[in-house]
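Before any comments, here is the structure.
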Amino acid sequence: MGNLTQSTIAFVQNYREWAAPIVFLLAFCESFAFISLVVPATAILLGLGGLIGAAGLDFWPVWAAAAFGAIAGDWLAYDLALRFKGRIMAMWPFSKHAELVAHGIKFFERWGVVAVFAGRFFGPFRAIVPIVAGLYAMPWWKFQIANLASAVLWATGILTPGFLSVRWFVG
């Protein structure tokens, strides 16, 4: 996984115009159900935050790409669960990770809309809470408010540390 992280950061360093689309895709993968277990997006995004500062890339378009990618990933997971209901739990990877799904259900039942917001910041819950929200038919507007607010905060938290630390060291 380290090689993928280094390769992606090197690619963005050489092809700066691809920074925002790649960050969007990584944030989407990090937020969409179970893809985050396969794609090391967190490490790559942290590194890209530093690259933004070191390479003098414009922070805001990349930040917006991260926020929109995170929103899109959760939105799609929620929408699929809302459409497919219980059938989604019989599909892979949900059928193979029943214990994670059970924890996500308990978390959601206890906290509701707060679980959607907070779930983005806790690795295993990030993958399952939007699915559970769709299964429970959480009202669309409540889901989207929590989705948007958490994605904005998450994008800031994932990119800003690297960006500011590199700017501090260079500046």
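Values for this structure:
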| read-out | value |
| --- | --- |
| Residue in segment 114-126 that is within 20 Å of Ser36 (Cβ to Cβ), touching a Ser or Thr at 6+ places or on another chain (Cβ under 7 Å), open to solvent by less than 20 Å² (accessible area, probe 1.4 Å) and part of a loop (DSSP other than H, G, I, E, B) present | yes |
| Conditions (1) part of a helix (DSSP H, G or I); (2) farther than 19 Å from Val152 by Cα; (3) in contact (Cβ under 8 Å) with a residue 12 or more places away in the chain; (4) open to solvent by 20 Å² or more (accessible area, probe 1.4 Å): number failed by Glu17 | (3) |
| Failed condition for Trp92, given (1) among the aromatic types (Phe, Trp, Tyr); (2) in a helix (DSSP H, G or I); (3) open to solvent by 60 Å² or more (accessible area, probe 1.4 Å) | (2) |
| Condition check for Trp75: over 26 Å from Gly162 (Cα atoms) and in contact (Cβ under 8 Å) with a residue 60 or more places away in the chain | yes |
| Flag if Gly53 is in contact (Cβ under 8 Å) with a residue 40 or more places away in the chain, open to solvent by less than 50 Å² (accessible area, probe 1.4 Å) and either not in a helix (DSSP H, G or I) or not aliphatic (A, V, I, L, M) (or both) | yes |
| Residues (outside any helix (DSSP H, G or I), open to solvent by 20 Å² or more (accessible area, probe 1.4 Å) and within 25 Å of Ala149 (Cβ to Cβ)) located in segment 20-50 | Phe32, Val39 |
| Filter pass, Arg87 being in contact (Cβ under 8 Å) with a residue 24 or more places away in the chain and among the basic types (Lys, Arg) | no |
| So Ala66, is it in contact (Cβ under 8 Å) with a residue 60 or more places away in the chain, open to solvent by 50 Å² or more (accessible area, probe 1.4 Å), in a helix (DSSP H, G or I) and over 15 Å from Pro130 (Cβ atoms) | no |
| Residues within segment 127-171 that are at pLDDT below 90, within 21 Å of Ile52 (Cβ to Cβ) and in a helix (DSSP H, G or I), tallied | 10 |
| Filtered residues of segment 95-106 (kept if open to solvent by less than 80 Å² (accessible area, probe 1.4 Å) and either closer than 18 Å to Phe32 by Cβ or outside any helix (DSSP H, G or I) (or both)) | Ser95, His97, Leu100, Val101, Gly104 |
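The values are calculated or read from the model by the stated rules, or taken from the named source; none is laboratory data. The structure presented is a predicted model; accordingly, all values stated were derived computationally and were not measured. No Cβ is skipped: glycine too gets one built from the backbone with ideal geometry, and neighbour counts run over all protein chains shown. Quick note on the areas: whole protein, heavy atoms, side chains included, nothing else; ligands and nucleic acids left out. Shrake-Rupley method; radii C 1.70, N 1.55, O 1.52, S 1.80 Å.
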